[in-house]
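K.L.:
Dropping a structure here in structure tokens format, bear with me for questions.
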Amino acid sequence: MKARKIKALLSLFGIIGLTLIINSYMEKNEKEIAFPENLYGIPTYRDSRLSFPMSSMDGDPYIAVFLTEDPYEKVLQFYKDKLKMDVKVLKYGHKKRKHMTLTIYQFEIEKGELENYISKGVEIISLNSRSRKVYKARTKIKIILPGKEVLELNKKKEEKINH
């Protein structure tokens, strides 16, 4: 019984040690990665970190998610200045229970096929207190790009590199 407790304790210390090593490695690499000024022509918010890299379920659209500790108002002003366009405000949720609503601030560069859906642009979401704890951020920024455009630009970059 005592040997089991010792093994469990050693395993726990091993897991904690490995977690600390991985965490410090990831923090070091985050600092070394060059942060792009823009992503396929859309400016990126400098005081943010990449949460989810460009992803697409079926090839269209590509979405990159960034998180920041800055309040959404500051992020909104940044995109208003950079994109020189008005923001569209979308509200979802319960009308009487404001804590259960979600507000999305949308900069629509290219309209999507569905209502309130964009194929190219930026969406800014102020995170609620629960999401702030999970994401360790106050604001979520989604950069949305058409899959065809991303694939074409990547192809051109590859051709430049190969020539």
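The values are calculated or read from the model by the stated rules, or taken from the named source; none is laboratory data. Computed from a predicted structure; not experimentally measured. Positions of Cβ are backbone-derived with ideal geometry, glycine not excepted, and every protein chain shown enters the neighbour counts. The accessibility values were calculated without ligands, DNA or RNA, using every heavy atom of the protein model including side chains. Shrake-Rupley method; radii C 1.70, N 1.55, O 1.52, S 1.80 Å.
K.L.:
Suppose we filter segment 121-163 for residues that are acidic (Asp, Glu) and not in a helix (DSSP H, G or I); how many remain?
P.N.:
1
K.L.:
Within segment 106-120, is there a residue that is under 15 Å from residue 42 (Cβ atoms), open to solvent by less than 40 Å² (accessible area, probe 1.4 Å) and either basic (Lys, Arg) or part of a helix (DSSP H, G or I) (or both)?
P.N.:
Scanning segment 106-120 turns up at least one residue that is under 15 Å from residue 42 (Cβ atoms), open to solvent by less than 40 Å² (accessible area, probe 1.4 Å) and either basic (Lys, Arg) or part of a helix (DSSP H, G or I) (or both).
K.L.:
Let me ask something else. I need the full set of residues from segment 125-154 which are open to solvent by 50 Å² or more (accessible area, probe 1.4 Å), hydrophobic (A, V, I, L, M, F, W, C) and either closer than 20 Å to residue 110 by Cα or modelled with pLDDT of 90 or more (or both), in order please.
P.N.:
151, 153 - these are the residues of segment 125-154 that are open to solvent by 50 Å² or more (accessible area, probe 1.4 Å), hydrophobic (A, V, I, L, M, F, W, C) and either closer than 20 Å to residue 110 by Cα or modelled with pLDDT of 90 or more (or both).
K.L.:
Could you check segment 80-101 and list, in sequence order, the residues that are at pLDDT 85 or above, more than 24 Å from residue 37 (Cα to Cα) and open to solvent by less than 80 Å² (accessible area, probe 1.4 Å)?
P.N.:
89, 90
K.L.:
Residues that are in contact with a strand residue (DSSP E or B) (Cβ under 7 Å, 6 or more places away or on another chain), modelled with pLDDT of 60 or more, assigned to a helix (DSSP H, G or I) and surrounded by 14 or more Cβ atoms within 10 Å (Cβ to Cβ): does segment 33-40 have at least one?
P.N.:
no
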